[in-house]
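Asks: The structure is given below, and queries will be raised subsequently.
Laboratory data are not the source of any read-out in this text; all were calculated from the coordinates shown. Predicted model, so just to flag it, every value in this text is computed and none were measured. As a convention, Cβ positions derive from the backbone with ideal geometry for all residues, glycine included, and neighbour counts pool all protein chains shown.
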2 protein chains.
Amino acid sequence: MKNVVSLKSLAKELNISVSTVSKSLNDSEEISAQTKERVKNLAKLRGYAPNPIAVRLQKQETMQIGVVLPNIENPFFASVLKGIDELVSSSKYNIITFLSNESLTREKECLDYFSQGNVDGILICIAEETNKKKTFDHIIDIKQKGIPLVLFDRIPMQPLGFDTVKVNDFDSIVRAYEHLENQQRRNIAFVSSIPTLIVGRLREDGYLSKANNPIVVAHEDINELKRSIEELIQEKKVDGLIAADINATLLCNSMIQKQGLTPSKEIALIGYVDASHNDLSYPKISYIDQHPQEIGKQTAKILLERLEKKEENVSTEDFVLNTSITIGDTSS
Amino acid sequence: MKNVVSLKSLAKELNISVSTVSKSLNDSEEISAQTKERVKNLAKLRGYAPNPIAVRLQKQETMQIGVVLPNIENPFFASVLKGIDELVSSSKYNIITFLSNESLTREKECLDYFSQGNVDGILICIAEETNKKKTFDHIIDIKQKGIPLVLFDRIPMQPLGFDTVKVNDFDSIVRAYEHLENQQRRNIAFVSSIPTLIVGRLREDGYLSKANNPIVVAHEDINELKRSIEELIQEKKVDGLIAADINATLLCNSMIQKQGLTPSKEIALIGYVDASHNDLSYPKISYIDQHPQEIGKQTAKILLERLEKKEENVSTEDFVLNTSITIGDTSS
DNA sequence: CTGAAAGCGCTTACAG
DNA sequence: CTGAAAGCGCTTACAG
């Protein structure tokens, strides 16, 4: 029903062989200009498009790139995906998107599927559960299959032997700290809802490297975190907050607002937010911009390059992208 | 390099024919239990997985579903995608995600690609540009190809002959209006950044059906909208705001906050927000919950059913899902 | 310059 | 119960 027009049907109509039709459409040197013309004209007329599945079987390429995202509802990953899409959509490849929903089991299923010959390359940010359990065998296995894979954002401390793309988390927080110091903030606390996540630990380390009397408030449970932040603010011992992730940032801002404090007066805040959302809000929260689209683009770029040159033994690279600080109303 | 283990290699190792191996692995009745055992054991031992491309070519199915989203950075669509993923990932299909980025041209490219035999079914929300130009030929063309397609969210007024899934936009706003009326709000304005979008018009119509002295503030340009909202609030002639979309909602809230007004006191607000973001914010904005994941699930469900029974001439259905109102701090 | 043949890795009537 | 053959729709050495 779909592709009634095939190489065979074109060949029959033109009274020539399938091979000649195929070669003509692929602009082979072997074929006379005249024949090519005839074939191409009819092909256009009949609206011929090669059956992609057949081409892939023949070429032994899937033309597809598998992407595993931990959580599409986190705007960070949505933007990363947009960046990936921008690069991939202008290549010959397509994206198959899988969501691990932070589950190790699901992540394994995704990689299993991918490694069964369904994709030519893989882009993955590991799930929270994977991060916690430090189980990476299913990822390392991909190497045996000869499928290029690029890790992004949450990069395990131990090298897994793949290209990686991340931002300078440690430095980002150091610079956020310095920014608050320049605002004469002297009692700066660190608030996190991702204490066990790799990026969360790096950010905390950045904070600890600067703070003389560190105050760290960290809970994975949002309600607990909320209560702790509330206490922290009510005690009035801090005049600056650095939040390690979007949830912590929103909670900090929310608690400050609820207390009726003036943004950036009694207490300054810098953290991580969704840029487009933040731009339309008041107060605009000062934030560390990770340029998620750039992360996506860089990740895709590396994979596309790998796919292009297909050399298996090239050593892997670790890309570290820079963040920038956008100052809003909560620190000025 | 990838699939060194194939039916052929298994057959050779077992000294039986490829067809017997194939049938054994597919649990054919024709094969003896003993042979099946031998084959399956070796297959497991060698880690055999059928080459998906070859299977697809044979079965004339791609096992893939194409999804076109206008804007992945809008949390609404991110959640819809999550809903779609939830259903599709437990089926035999996979999702190929394309982003139209609100461009008609890009949307056409996506559908062209899909219709060239790359997917078995399509899920699409049309781009803003498509909506504006009312150009739907590229969508209607899909019907000739016999590929099932389901439209969601932005459903053109004129029927295109496909299944559709949307929410009751008109009624949603009517109920939001009534909610504010119950709060003794008497001068309720309508604020929109999507005046030309189908859903925006329906929402506006809902508002107009209720308001005696309607005040509509609508601009696609965010900065203009911002100025207009500011004026509207400063004039102090309204005590209630209904926002038609996430951007309008955030701007309204931001302007109210900036004026130092107490949430829900001088002026009430209800609109559209990202639920998870809103839950962590203060003030929590009262909002119309569209249950985007449910939209995604319903959309995917319909397509999967179509794919299952493959009847071509079944009449199409229009599904209208209900929204609900979640009351926050901005109206109580 | 054109075409017959083999093959990509599978499935499935059909024969034995 | 097993296997040889044809075919899914292409591509590409190879012969002519």
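Asks: In deg cm²/dmol and to the nearest 500, what is the mean residue ellipticity at 222 nm of chain A if only DSSP H runs of at least 4 residues count, each as -39500 (n - 2.57), divided by the residue total? Don't skip to the end; give the middle numbers.
Replies: Numbers: 14 runs with 152 residues, N = 332.
Mean residue ellipticity, 222 nm, calculated: -14000 deg cm²/dmol.
Asks: While we're looking at this one, here's another question. Among B:172-185, B:265-278, how do they line up from the highest to the lowest mean number of other beta-carbon atoms within 10 Å?
Replies: Listed from highest to lowest mean packing, they are B:265-278, B:172-185.
Asks: Could you let me know the centre-to-centre spacing of the stretch A:155-181 and the stretch B:284-327, using Cα atoms, in angstrom?
Replies: 41 Å
Asks: If you count the DSSP beta bridges with both ends in the protein assembly as shown, what percent of them are antiparallel, to the nearest 5? Walk me through the intermediate numbers first.
Replies: Details: 7 of 75 bridges.
Antiparallel: roughly 10 percent of the beta bridges in the protein assembly as shown.
Asks: In square nanometres, what is one fourth of the surface area of the convex hull spanned by the alpha carbons of the stretch B:1-109?
Replies: Dividing the Cα hull surface by four gives the mean projection, 9.8 nm².
Asks: Using the Cα centre of chain B as the reference point, and only Cβ charges (+1 on K/R, -1 on D/E), how large is the resulting charge dipole? Debye, rounded to the nearest 20.
Replies: Details: 40 positive and 46 negative charges, 242 e Å.
Here the size comes out at about 1160 debye.
Asks: Here's a follow-up. Along Cα-to-Cβ, 7 Å out, sits the label point; list in nm, shortest first, how far the one on B:GLU86 is from those in the other copies.
Replies: Here B:GLU86 shows inter-copy label distances of 3.1 nm.
Asks: Once you have the Kirkwood Rh of chain B from its Cα pairs, apply Stokes-Einstein at 10 °C and 1.306 mPa s and quote D in µm²/s.
Replies: 70 µm²/s
Asks: How many nm separate the modelled label positions at A:GLU61 and A:LEU261, each set 7 Å beyond the Cα in the direction of the Cβ?
Replies: Each label point is offset 7 Å from its Cα along the Cβ direction, giving 5.6 nm.
Asks: Give me the distance between the Cα centres of the stretch B:48-104 and the stretch B:202-271, rounded to whole Å.
Replies: What the calculation gives is 37 Å, centre to centre.
Asks: At 7 Å along the Cα-to-beta-carbon direction for both A:ASN168 and B:ILE215, put a label point, then send me their distance in nm to one decimal.
Replies: Here the answer is 5.0 nm between the modelled labels.
Asks: Where does the charge balance sit around A:SER228 when Lys and Arg score +1, Asp and Glu -1, over other residues with C-beta under 14 Å from its C-beta?
Replies: -3
Asks: Run the label-point distances for A:GLY161 please: 7 Å along Cα to Cβ, every other copy, nanometres, shortest first.
Replies: 5.5
Asks: Mind listing P(r) for the protein assembly as shown? All alpha-carbon pairs, 10 Å bins, whole percents.
Replies: Per 10 Å bin, starting at zero, the Cα-Cα P(r) for the protein assembly as shown comes out as 3, 14, 21, 23, 19, 11, 6, 2, 0 percent.
Asks: Now, a different point. Expected output is a single nm value to one decimal: the length gained when fully extending between B:VAL314 and B:VAL18, i.e. 0.36 nm times separation in residues minus the C-alpha distance. What is it?
Replies: 102.5 nm
Asks: Averaged over A:142-150, how many beta carbons belonging to a partner chain fall within 10 Å of each residue's beta carbon? Could the numbers behind the result be given before it?
Replies: On the way: counts 0, 0, 0, 3, 2, 2, 0, 0, 0.
Mean inter-chain Cβ contacts per residue within 10 Å come to 1.
Asks: Got the A:THR35 label distances to the other copies yet, label 7 Å along Cα→Cβ, in nm, shortest first?
Replies: 4.4
Asks: While we're looking at this one, here's another question. Is there a pair in B:LYS210/B:LYS236; B:LYS134/B:LYS284; A:LYS8/A:LYS143; A:LYS44/B:LYS309; A:LYS133/B:LYS36 whose C-alpha atoms are over 29 Å apart, and which pairs would that be? Could the numbers behind the result be given before it?
Replies: On the way: B:LYS210/B:LYS236 21 Å; B:LYS134/B:LYS284 37 Å; A:LYS8/A:LYS143 40 Å; A:LYS44/B:LYS309 33 Å; A:LYS133/B:LYS36 38 Å.
From B:LYS210/B:LYS236; B:LYS134/B:LYS284; A:LYS8/A:LYS143; A:LYS44/B:LYS309; A:LYS133/B:LYS36, over 29 Å: B:LYS134/B:LYS284; A:LYS8/A:LYS143; A:LYS44/B:LYS309; A:LYS133/B:LYS36.
Asks: Give, rounded to the nearest 20 debye, the magnitude of the charge dipole that the stretch A:104-208 has about its Cα centre when Lys and Arg contribute +1 at Cβ and Asp and Glu contribute -1 at Cβ.
Replies: I would put it at about 240 debye.
Asks: Compute the semi-axes of the equivalent ellipsoid of the stretch B:7-50, taking the square root of 5 times each eigenvalue of the Cα gyration tensor, and list them largest first in whole Å.
Replies: Its equivalent ellipsoid spans semi-axes of 14, 11, 9 Å.
Asks: Moving to a separate point now. Which number do you get for Rg(Cα) / (2.2 N^0.38 Å) in the stretch A:28-75? Mind dumping the intermediate values first?
Replies: Values: Rg = 18.9 Å, N = 48, 2.2 N^0.38 = 9.6 Å.
Here the answer is 1.97, to two decimals.
Asks: Report, please, the projected area of the stretch B:259-326 averaged over directions, based on the convex hull of its C-alpha atoms, in nm².
Replies: 6.4 nm²
Asks: Out of A:PHE136, A:LEU180, B:ILE16, whose Cα points farthest toward the positive end of the dipole of the protein assembly as shown (charges: +1 Lys, Arg; -1 Asp, Glu; placed on Cβ)?
Replies: B:ILE16
Asks: Where Rh is the Kirkwood radius over the Cα pairs of the stretch B:48-190, the temperature 37 °C and the viscosity 0.692 mPa s, what D in µm²/s does Stokes-Einstein return?
Replies: On the way: Rh = 17.1 Å.
Estimated diffusion coefficient is 192 µm²/s.
Asks: Another question, if that's okay. Per residue, what volume in Å³ does the convex hull of the Cα atoms of the stretch B:61-108 enclose?
Replies: Enclosed volume per residue, from the Cα hull, is 58 Å³.
Asks: Continuing with the same structure: Working from the alpha-carbon coordinates of the stretch B:169-289, get Rg over Rh, Rh being the Kirkwood radius.
Replies: Looking at the stretch B:169-289, the ratio lands at 0.92.
Asks: May I ask you to derive the FRET efficiency for A:SER32 and B:SER103 from their Cβ-Cβ distance with R0 = 45 Å, giving the value to the nearest 0.05? Can you show the working numbers first?
Replies: Details: r = 40 Å, r/R0 = 0.90.
About 0.65, to the nearest 0.05.
Asks: What does DSSP give for chain B in terms of the percent of beta bridges that are antiparallel, rounded to the nearest 5?
Replies: 10 percent
Asks: Now, a different point. With +1 on each Lys and Arg Cβ and -1 on each Asp and Glu Cβ, and nothing else charged, work out how big the dipole of the stretch B:4-80 is about its Cα centre, in Debye to the nearest 20.
Replies: It comes to approximately 360 debye.
Asks: Please compute the average number of Cβ atoms from other chains found within 10 Å of each residue's Cβ in peptide B:280-288.
Replies: Numbers: counts 13, 7, 9, 3, 1, 0, 0, 0, 0.
Counting Cβ atoms of other protein chains within 10 Å of each residue's Cβ and averaging gives 4.
Asks: Neighbouring Cβ atoms within 10 Å as the yardstick, rank B:LEU45, B:LEU7, A:LEU250, B:LEU241 fewest first.
Replies: Lowest to highest Cβ neighbour count: B:LEU45, B:LEU7, A:LEU250, B:LEU241.
Asks: Computed from the mean reciprocal separation of all distinct C-alpha pairs, what Kirkwood hydrodynamic radius does the stretch A:158-202 have, in Å?
Replies: Computed over the stretch A:158-202, the radius equals 12.6 Å.
Asks: So, one more: Report the local net charge at B:LEU180: Lys and Arg +1, Asp and Glu -1, summed over other residues whose C-beta lies under 13 Å from its C-beta. Display every interim value, and only then the final one.
Replies: Numbers: positive: B:ARG175, B:ARG185, B:ARG186, B:LYS210; negative: B:GLU178, B:GLU181, B:ASP239.
Summing Lys/Arg as +1 and Asp/Glu as -1 gives +1.
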